[in-house]
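The values are calculated or read from the model by the stated rules, or taken from the named source; none is laboratory data. Predicted model only: the values in this text are computed from it and were never measured. FYI the Cβ positions are ideal-geometry reconstructions off the backbone, even for glycines, and counts take in every protein chain you see.
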């Protein structure tokens, strides 16, 4: 992906680079649930900062722990209603509690390059297969085996495993086994929206990495998209194999223009 496209998508809420919060944390699902339960959806970034740092909403034991929690949650999710990706996350979050673990994972994948680099590895494992930490460490090291120390790779892998486990893609406390997460129409709506932000449309939306994250046959995912439509989460039309997906009121005209531009930038 070109630097120009990354810059464009960053304005819509994506993050790029090499490192990410999973060098130090999981996706912090429990903290995110507490935060969203107590801070209104209309809140400003400064309101999140006050809740986490000043009010210690998350019950962190030290000032430094509060600072780190704020930093990591901001990096993982944005915490800024000016970012379309975060706005959609907050819009969909209260609709279905069951959807929240995979919602959080999807947003974290969009904003943490370190976690995103493990998606193909994790999805390549068949349900029931054991997932070895050492294999994940090699995936994280990539083509640069000397980039991280063995201790760092072990820590990264533990954090990444914790996130995939919290989202339902792995099970087991010590020995990790690939499992099938629960997904709902809300998850399909969010994954389709991320593809829309990237400039995809029609059938291509259903072939994006965001939709490949969700288990299920094409027919099953179409059915979930149709359910999302009937719940007012998006507009989904499917006639004669031709699909149309729209997201009324999700984006400003300027943001829609950026999505269209993203479709033409390599």
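Just a few scattered comments:
- Scanning segment 220-237 for residues that are within 21 Å of residue 259 (Cβ to Cβ) and either surrounded by 15 or more Cβ atoms within 10 Å (Cβ to Cβ) or in contact (Cβ under 8 Å) with a residue 60 or more places away in the chain (or both) returns 225, 228, 229, 233, 234, 236.
- The residues of segment 56-74 that are touching a helix residue (DSSP H, G or I) at 6+ places or on another chain (Cβ under 9 Å), on the phi < 0 side of the Ramachandran plot and surrounded by fewer than 19 Cβ atoms within 10 Å (Cβ to Cβ), listed by number, are 60, 63, 67, 71, 74.
Okay, residues lined up against (1) touching a strand residue (DSSP E or B) at 6+ places or on another chain (Cβ under 9 Å); (2) part of a helix (DSSP H, G or I); (3) without any contact (Cβ under 8 Å) to a residue 40 or more places away in the chain:
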| residue | (1), (2), (3) |
| --- | --- |
| 36 | no, yes, no |
| 46 | no, yes, yes |
| 52 | no, yes, yes |
| 59 | no, no, yes |
| 70 | no, yes, yes |
| 73 | no, yes, no |
| 105 | no, yes, no |
| 108 | no, yes, no |
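- The set of residues from segment 177-219 being free of Cβ contacts under 8 Å to residues at least 40 places away in the same chain, part of a helix (DSSP H, G or I) and in contact with a helix residue (DSSP H, G or I) (Cβ under 6 Å, 6 or more places away or on another chain) comprises 195, 211.
- Inside segment 162-176, residues that are over 15 Å from the mean Cα position of the chain (by Cα) and part of a helix (DSSP H, G or I) make up a count of 0.
- Just one residue in the set 53, 36, 86 is closer than 19 Å to residue 166 by Cα and not assigned by TED's automatic domain parsing to the domain that holds residue 255; that residue is 36.
- Residue within segment 15-24 that is modelled with pLDDT of 95 or more, assigned to a helix (DSSP H, G or I) and farther than 23 Å from residue 154 by Cα present: no
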